1. Might you let me know whether the range 216-223 holds any residue that is more than 27 Å from ALA158 (Cα to Cα), touching a strand residue (DSSP E or B) at 6+ places or on another chain (Cβ under 6 Å) and either surrounded by 22 or more Cβ atoms within 10 Å (Cβ to Cβ) or of a type in the set (A, V, I, L, M, F, W, C) (or both)?
2. Name the residues in the range 174-215 that are over 14 Å from VAL153 (Cα atoms) and aliphatic (A, V, I, L, M), would you?
3. Among the strands (runs of 3 or more DSSP E) lying completely within the range 165-218, list those that include at least 2 residues that are in contact with a Phe, Trp or Tyr (Cβ under 8 Å, 6 or more places away or on another chain), acidic (Asp, Glu) and in contact (Cβ under 8 Å) with a residue 24 or more places away in the chain.
4. If you check LEU142, LEU148, which single one turns out to be of a type outside the set (Gly, Ala, Ser), closer than 16 Å to ASP220 by Cβ and at pLDDT 95 or above?
5. When VAL265 is evaluated against the numbered criteria (1) under 25 Å from ALA200 (Cα atoms); (2) not charged (D, E, K, R); (3) not in a helix (DSSP H, G or I), which criterion, by number, is the only one it fails?
6. Can you find a residue in the range 231-239 that is touching a residue at least 60 places away in the same chain (Cβ under 8 Å) and assigned to a helix (DSSP H, G or I)?
7. If GLN134 satisfies all but one of (1) modelled with pLDDT under 95; (2) surrounded by 17 or more Cβ atoms within 10 Å (Cβ to Cβ); (3) in a loop (DSSP other than H, G, I, E, B), what's the number of the condition it fails?
8. Under 6 Å between Cβ atoms, which residue pairs at least 6 apart in sequence (or on different chains) link something in the range 86-99 that is under 14 Å from LEU73 (Cβ atoms) and β-branched (Val, Ile, Thr) with a partner that is outside any strand (DSSP E or B) and at pLDDT 95 or above?
Amino acid sequence: MNPRAFVLASIASTILAAASAHAQRVPTVAMVTDLSGPVKLEGAKGQLPPGIATELPADARIEVAAGGRVVVLVLATGAEYTLSGPVSAQVRADGLTGAPAERLARRTSSVGKVKLRGEGLAQAAVTLRSSKRQETLPLLNLTGTTTLETRPVFRWSAVEGAGPYRFELQDANGTVLHEARTETTELRLPESIALVEAKAYTWEVTARQANGMRFSNFGDFTVAAAAVRAEAARLKPARGAGVSERVAYATWLASQDLNDEARAVWAQLAAERPDNSALKALSER
């Protein structure tokens, strides 16, 4: 089996496994976008990890002790709730209810309504990490994503003893738009090549070691439509924005399949909150 067929078979297997898992998941209706101090989260199946990016199902319970604080984004409405302990709250699909009521503040999030793709943020990170195989040439961006860039930089991991790398870019019709060889692990398209908004592309990079072993991988991506690009610029938090606002923005980016841009925000947040394993997983997916 050639490398591309092998990768396609692996992806198909992963999709089937993810579909089976998705059928058993409790739908996510809200997500934690900031948290500090003593907070307890509980769903129908037991305790949930208290941390940023924790997904909350309907009827989840939130207990915030004195000195604790948690911010929750309700996906269907775009409402953001800040709970300052001591307070107890219940998650609903359309909002939170809690007591004492004065310790539960509500405002409209800057990103508005958000719809998670597929199986949600956390499970998607697990699925994508588990599908990576060492025998393929690892791509670092522009794979299974939409991008805001019209002249993106393509990046991949180095393979020891392999090179030069051969790069090829095709449009949705299979027409080769650009091909090149490089000793580096990144490539920017020349200015003469303009990618079209809302169109899909495929890129492939290959290399061989001295012993003849061939390494190859390919990625599919779409350039975001003008309306999405404009909305992303409008919603982008200002410099110095709080954690909750940036988590909400990263979630919106992911909901639009802008996975590379979302990953960059998650990585920044993970660097600021190194003890949060969920942020680290989201930044690496």
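1. no
2. VAL176, LEU177, VAL196, ALA198, ALA200, ALA207, ALA210, MET213
3. 165-171
4. LEU142
5. (3)
6. There is at least one residue in the range 231-239 that is touching a residue at least 60 places away in the same chain (Cβ under 8 Å) and assigned to a helix (DSSP H, G or I).
7. Among (1) modelled with pLDDT under 95; (2) surrounded by 17 or more Cβ atoms within 10 Å (Cβ to Cβ); (3) in a loop (DSSP other than H, G, I, E, B), the lone unmet condition for GLN134 is (2).
8. Matching pairs, first to second residue: VAL91/ALA60.
The values are calculated or read from the model by the stated rules, or taken from the named source; none is laboratory data. Just so you know, these numbers come straight off a predicted model, no measurement behind them. So basically every Cβ, Gly included, is an ideal-geometry build from the backbone, and we count neighbours across all protein chains shown.
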